[in-house]
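Notes follow the structure.
The values are calculated or read from the model by the stated rules, or taken from the named source; none is laboratory data. All figures in this text were calculated on a predicted structure; none of them were measured in a lab. We place every Cβ from the backbone using ideal geometry, glycine too, and count neighbours over all the protein chains shown.
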Amino acid sequence: MNETELKRSDFRFFHRLRVRWAEIDAQKIVFNAHYLMYFDTAISDYWRALALPYDESMRALEGDVYVKKATIEFHASARVDDVLDIGMRCRRIGNSSIVFNGALFRGDEKLVDCELVYVFADPATQTSRPVPPAFRAMLEGYESGAPTYAVVTGDWQQLGREAGALRRAVFVKEQRIPEELEWDEFDATALHAVARNGLGRVVGTARLVAGGPKLGRIGRMAVHRVLRGGGIGADVLRALEDAARARGDTETMLHAQRSAESFYRRAGYAPHGEPFDEAGIAHIEMRKSLV
């Protein structure tokens with residue numbers, strides 16, 4: 001296929017943006033250099049679509065990706081307040097190179113085509129290195145429609161080290177909850193759920209304990225800070241609800257941070273009682289029927 005023939009349906013991933021006044025030139029069209037910025041921003045969201053926290057993942061892979069070549073072909077111009085969709089797809093993975101094709105659309109009208117050639121390299125010397133097999137598999141799997149993460153459940157002995165590391169990063173370091181308040185006796189008996197990405201790294205977790213007769217209590221819900229809003233938390237929550245239902249619970253409850261209340265409402269939870277403070281953070285109890 002000639003890449004200029006790429007259509008919306010050829011892309012699995014899209015990044016959406018709205019053109020701002022600061023991005024247009026004297027002709028009232030988007031300044032040419034901004035298109036490369038648009039595609040670069042889309043690539044950043046592409047990594048998130050892979051459930052891939054970029055910086056720490058590249059450190060684990062002992063490399064990084066560097067732009068070798070960027071080519072743009074213009075067909076029409078974008079204007080202020082246009083809503084644009086940027087499709088990105090990984091077209092080819094060589095020994096050390098990764099080639100992306102991108103296209104910028106206004107509705108179904110294609111305005112710009114782009115090809116970005118990256119090289120996986122040693123960050124210290126910037127000399128090329130073979131693309132790691134696990135990274136290659138993530139890219140190929142995503143483009144073929146495979147899930148980018150898997151949710152598993154188990155006990156603290158099986159999952160505690162990984163779940164604990166994410167909880168410490170989110171609750172202790174990010175939210176500054178005192179370390180001694182994060183860990184309690186329920187971890188040893190809880191059912192834990194974790195979401196692992198294609199590199200095997202835990203990017204989401206929560207736990208289920210008994211909250212009363214036929215009542216499951218879900219808590220310690222944490223998602224990696226750069227991956228929130230991508231569905232990981234919803235899938236972890238659903239896995240624990242399924243486990244609660246399977247053991248005979250008819251309802252689940254949780255203490256939701258007020259900032260996350262809308263997330264739980266979308267998952268079917270409703271407020272129960274009055275707001276309260278927990279560990280210095282505003283919370284509200286929420287419940288959901290499982291029958």
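Remarks
- If you check Arg89, Arg59, Arg106 for being touching a residue at least 60 places away in the same chain (Cβ under 8 Å) and basic (Lys, Arg), only one passes: Arg89.
- In this structure, Leu166 does satisfy being surrounded by 15 or more Cβ atoms within 10 Å (Cβ to Cβ) and either modelled with pLDDT under 95 or not assigned by TED's automatic domain parsing to the domain that holds Gly63 (or both).
- When Leu191, Leu199 are checked against the criterion of being in contact with an Asp or Glu (Cβ under 8 Å, 6 or more places away or on another chain) and at pLDDT 95 or above, a single residue qualifies: Leu191.
- Filter pass, Tyr54 being at pLDDT 95 or above, among the hydroxyl-bearing types (Ser, Thr, Tyr) and more than 18 Å from the chain's Cα centre (by Cα): no
- Looking only at the range 207-223, and only at residues there that are crowded, with 21+ Cβ neighbours inside 10 Å and in contact with a Lys or Arg (Cβ under 6 Å, 6 or more places away or on another chain), the one that is nearest to Leu52 (Cα to Cα): Ala222
- Annotation: of all residues in the range 11-43 being modelled with pLDDT under 95 and among the polar types (S, T, N, Q), the one that is nearest to Val226 (Cα to Cα) is Asn32.
- Candidates Val236, Val226, Val291 - the one that is among the hydrophobic types (A, V, I, L, M, F, W, C), outside any strand (DSSP E or B), within 20 Å of the chain's Cα centre (by Cα) and surrounded by fewer than 23 Cβ atoms within 10 Å (Cβ to Cβ): Val226
- Matching residues, the range 7-57, being part of a loop (DSSP other than H, G, I, E, B) and either among the polar types (S, T, N, Q) or outside the structural domain of Glu115 (by TED's automatic domain parsing) (or both): Gln27, Asn32
- Reported count of residues in the range 196-210, each being in a strand (DSSP E or B), in contact with a Leu (Cβ under 9 Å, 6 or more places away or on another chain) and either of a type in the set (Gly, Ala, Ser) or without any contact (Cβ under 8 Å) to a residue 24 or more places away in the chain (or both), is 3.
- Beta carbons closer than 7 Å, at least 6 apart along the sequence or on distinct chains, pair a first residue in the range 163-178 that is free of Cβ contacts under 8 Å to residues at least 60 places away in the same chain with a second that is polar (S, T, N, Q) for Ala163/Thr205; Leu166/Thr205; Arg167/Thr205.
- Filtering Glu241, Glu261, Glu285, Glu274 for residues that are modelled with pLDDT of 95 or more, part of a strand (DSSP E or B) and either among the charged types (D, E, K, R) or buried (at least 19 other Cβ atoms within 10 Å of the Cβ) (or both) leaves a single hit, Glu285.
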